[in-house]
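Asks: Just passing along the structure, written as structure tokens.
All of the numbers you see were taken from the coordinates with simple rules; none came from a lab. A quick note: this is a predicted structure, and the numbers were derived from the prediction, not measured. Please note: Cβ atoms are built from the backbone with ideal geometry, for glycine as well, and neighbour counts cover all protein chains shown.
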Ligand SMILES: [Fe+2]
Ligand SMILES: [Fe+2]
């Protein structure tokens with residue numbers, strides 16, 4: 001029998017679980033605000049059940065059914081119907097996602113501040129779930145591979161382009177491929193950095209430091225994606241998807257140019273040869289030193305759809321679709337607003353166009369995989385959710401490094417944009433579950449995001 005939630009006994013046990021959790025102690029080390037949680041649709045004689053937790057630097061100093069006074073005074077009040085709380089406790093719903101989708105309603109307090117405590121929230125939910133052993137976690141869907149599907153070196157003999165099949169020029173990958181040849185041809189060495197050098201010399205130390213910091217994130221990010229795309233190309237090639245393989249050839253080439261471009265800026269404008277990995281914080285390292293190489297490298301041995309989903313979610317949806325899009329958008333807007341570094345701005349503008357094709361391919365690939373097997377959705381959604389926290393952590397790390405960030409950069413602009421991109425991608429993919437593989441192509445063809453002027457057509 002599941003324990004009745006939001007009772008006095010339950011909240012006391014919750015507090016005990018929290019205080020026994022080393023993970024919670026670390027994740028909530030800087031949290032110092034009491035919270036009232038409200039079970040919203042409880043129509044009992046005493047009104048909605050609500051509990052008060054006095055959470056202070058990784059421990060729970062007091063826990064009780066909340067009074068109206070507690071509720072009025074609490075800096076944070078978070079409410080949801082019982083069904084949502086149950087979903088959280090069984091692990092079917094991630095607290096951060098629940099927050100972003102407003103399944104958890106923040107009636108008092110800052111949603112943005114809550115997003116930086118996602119790990120603490122997750123541990124709070126885990127602690128509450130431990131109260132009730134009946135609330136088991138669901139299977140993560142990452143089942144073991146029992147037989148190797150087609151992959152690198154396991155292709156059937158023969159060639160598509162000498163078969164009657166030929167090439168499907170109307171397919172989305174081929175349209176991206178043609179597009180890349182038409183508008184993706186630019187040479188990082190042609191960009192004029194003359195005024196950038198003048199601008200750089202006029203900047204103060206803090207401004208240069210922040211620009212170096214941002215550039216170090218972009219530089220390593222581009223090198224990382226240039227390196228890590230290769231196993232995906234091999235997996236796709238192993239399935240004899242020639243149109244996709246042709247497009248991916250442009251993709252790799254573009255990542256190589258992006259890598260070259262930022263290094264040219266560092267060499268010729270910033271004149272910096274120091275070890276810039278000093279700017280790579282813990283969250284950055286989780287994404288770029290661990291998650292991305294692991295997800296992509298796994299394809300070499302395991303090119304199954306499940307592994308492709310994890311790879312493409314990490315690479316296209318999080319690294320490109322959330323982080324790079326946010327970073328380049330904010331960077332470009334900042335340079336434009338301050339009329340600074342026109343060469344850097346020109347390069348970032350060109351690179352953004354390339355990235356939009358990369359993300360379009362990622363949406364296509366994941367949609368195709370989902371349309372073929374909708375059962376991939378839970379694993380996809382979970383993987384995406386698990387990466388949101390380190391992705392947002394990278395933004396927090398950047399802003400935490402400075403008391404005042406120059407150029408009018410605001411953390412909320414970054415976070416808002418990143419969350420919007422994340423949610424847009426997730427919603428887009430959720431739709432693909434309902435479609436057949438043929439419908440995916442038709443659906444993508446009409447997708448306004450993929451058909452922006454100057455992107456796919458034209
Ligand atoms: Fe790139
Ligand atoms: Fe890219």
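Asks: By per-residue mean of other Cβ atoms within 10 Å, what is the highest-first order of 385-398, 191-204?
Replies: Descending packing order for the listed peptides: 385-398, 191-204.
Asks: Beta carbons within 10 angstrom, averaged per residue: use that to sort the peptides 20-32, 302-314, highest first. Mind showing how you got there, number by number?
Replies: Values: 20-32: 15.8, 302-314: 23.5.
Going from most to least packed, we get 302-314, 20-32.
Asks: Report the extension gain between residue 26 and residue 300 in nm, rounded to one decimal, defined as 0.36 nm multiplied by the number of residues separating them, less their alpha carbon distance.
Replies: In short, 95.1 nm is gained.
Asks: Here's something else I'd like to know. What ranking do 441, 317, 334 get, fewest neighbouring Cβ atoms within 10 angstrom at the top? Spell out each step's value before the answer.
Replies: Working: 441 18, 317 27, 334 21.
Ranked by crowding around the Cβ, least crowded first: 441, 334, 317.
Asks: Taking the beta-carbon count within 10 Å as an exposure proxy, list 258, 57, 329 from fewest neighbours to most. Don't jump to the answer; show the numbers that get you there.
Replies: Working: 258 27, 57 11, 329 17.
Least crowded to most crowded, the residues run 57, 329, 258.
Asks: Continuing with the same structure: Take each of the peptides 366-378, 159-171, average the number of other beta-carbon atoms within 10 Å over its residues, and list them starting from the highest.
Replies: My ranking of the peptides, most packed first, is 366-378, 159-171.
Asks: Next question, about the same structure. According to the square roots a ≥ b ≥ c of the eigenvalues of the Cα gyration tensor, what is the shape class of the stretch 8-131, taking rounded for a/c under 1.5, prolate for a/b larger than b/c otherwise, and oblate for the remainder?
Replies: rounded
Asks: Percent antiparallel among DSSP beta bridges with both residues in the chain, to the nearest 5?
Replies: If I count the DSSP bridges inside the chain, around 75 percent turn out antiparallel.
Asks: Ok, one more. Considering only DSSP beta bridges with both partners in the stretch 8-131, what is the antiparallel share in %, to the nearest 5?
Replies: In the stretch 8-131, approximately 75 percent of DSSP beta bridges are antiparallel ones.
Asks: Would you mind pulling out the separation of the Cα centroids of the stretch 1-32 and the stretch 328-388, in Å?
Replies: Here the two parts' Cα centres lie 37 Å apart.
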